[in-house]
Amino acid sequence: MPSKRRLRWAAAPLGVAVAVALAGCTTTELNGYLPGFTDDGVQATDRTEMISGLWVNSWIVLLAVGVITWGLMGWAAIAYRRRRGQSGLPVQLRYNMPIEIFYTIVPFVLVIGFFAFTARDQAILETHWEDPDVSITAIGKQWAWDFQYNGEEEDNADAVWSMGVQAQPAPNGDIDQDALPTLYLPVDKTVTINLQSRDVIHSFWIIDFLYKKDMYIGRDNQWSFTPTREGTFAGKCAELCGEYHSMMLFNVKVVSEGEYEDYLASLESAGQTGDINDAYDRLQNLPGTGAPEGEGEN
Ligand SMILES: [Cu+2]
C-alpha cells in the first residue's frame, strides 16, 4: 500500500525531529522548570529526579488530552457551524453508547494512572531509613527554626544544636543571609529529619529538594533522603503561621563529611549541647526587639 509506505517515510524524519528536539532540551526544560538541578542534571537529593519525573510526565499526558480535546472542540465548532440560510435547531443526537463508554473509560484510566504513579512515588518518599547516617530534629517556631543534631545517646546528652531567629535585615535592606538559621547536612549520607513544632502548624520546605512536610504539635513527622550535591539551598516555612511567617526562612548547607563534622564540633565547643526540649518554648524573637545574642549566629 503506497499510503502506508509514505506514512513510514514520514514517520522516520518525524522521529528524528522529536529525538533532536528532546536532545536539545536543557536540563531545566527536561525537569519541567523545577528548581534544584544543575545544568548537567545533578539532582539535589536522591529523590528529586523522581519527583520532577512525576511532574513532567503528568504534564505531558494532560497536555496531550488537552490538545486532543481543544482540537475536537475547534473542529466541531468550525465544521458544524451554522451556515447561511440555516435555521432552527440542528439534528439532536443522544445516547451514543460507544462515545459514552469512551468518555467514561478514558478519564477513569487517567485518574487510576495518576493515582497509581503518585501513590508509588509517595510511598518511596515516605519510606524512612532504618538506621540513617544522620538524625536531625528540626523544630519550627514562630518565626524561626531550631536544629538539633542527634548523637548516639538515648537521652540526647551528646546532641548538639543551633537555635535560630527570624530573618534579619542587612544594612542594604536585603535579608542578612548569614544571620539566617542554617541546617548543615553531609553530602551522600542518609538523612532522617524529625519535624516538630513548638507552637502552631509550620511546614518545612527546602525548595530545591522539591518536597515539604508539615510540623505539628503532638505528632512528629519525618522526612528521609540523601543529599547528593554540595551547595547552599533556601528553605522556608510553607504554612501561614502568623504575623511574621514570611520571615521564617533558613538555609541548608550541604557540605563534605569533614566540614559537617567540623561544624558539629564548633557547636559543641560553643556549649550548644544536649537536648533541645520544651524549656526553650516560646522564645521571644519578635522582629525589632533585637534577637538574643549569639543564638542567631549558628
Ligand atoms: Cu511557620
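The values are calculated or read from the model by the stated rules, or taken from the named source; none is laboratory data. It should be emphasised that the depicted structure is a prediction, and the values quoted were computed from it without experimental measurement. Neighbour counts are summed over all protein chains in view; Cβ atoms, including those assigned to glycine, are modelled from backbone coordinates with ideal geometry.
Data overview
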quantity	calculated
Residues within the stretch 213-228 that are at pLDDT below 95 and farther than 18 Å from A144 by Cα, tallied	2
Complete set of residues in the stretch 139-159 that are more than 22 Å from K236 (Cα to Cα), hydrophobic (A, V, I, L, M, F, W, C) and at pLDDT 90 or above	A159
Subset of the stretch 173-212 (residues that are part of a strand (DSSP E or B), within 17 Å of L249 (Cβ to Cβ) and more than 19 Å from the chain's Cα centre (by Cα))	I175, S197
Pair list, Cβ < 6 Å and 6+ apart or interchain, from the stretch 170-181 residues that are not assigned by TED's automatic domain parsing to the domain that holds A234 to residues that are surrounded by 14 or more Cβ atoms within 10 Å (Cβ to Cβ)	none
Condition met for F102 (away from the ligand (no atom under 16 Å from the Cβ), at pLDDT 95 or above and surrounded by 10 or more Cβ atoms within 10 Å (Cβ to Cβ))	no
Scope the stretch 82-135; condition in a loop (DSSP other than H, G, I, E, B), charged (D, E, K, R) and more than 33 Å from the chain's Cα centre (by Cα); matching residues	R82, R83, R84, R94
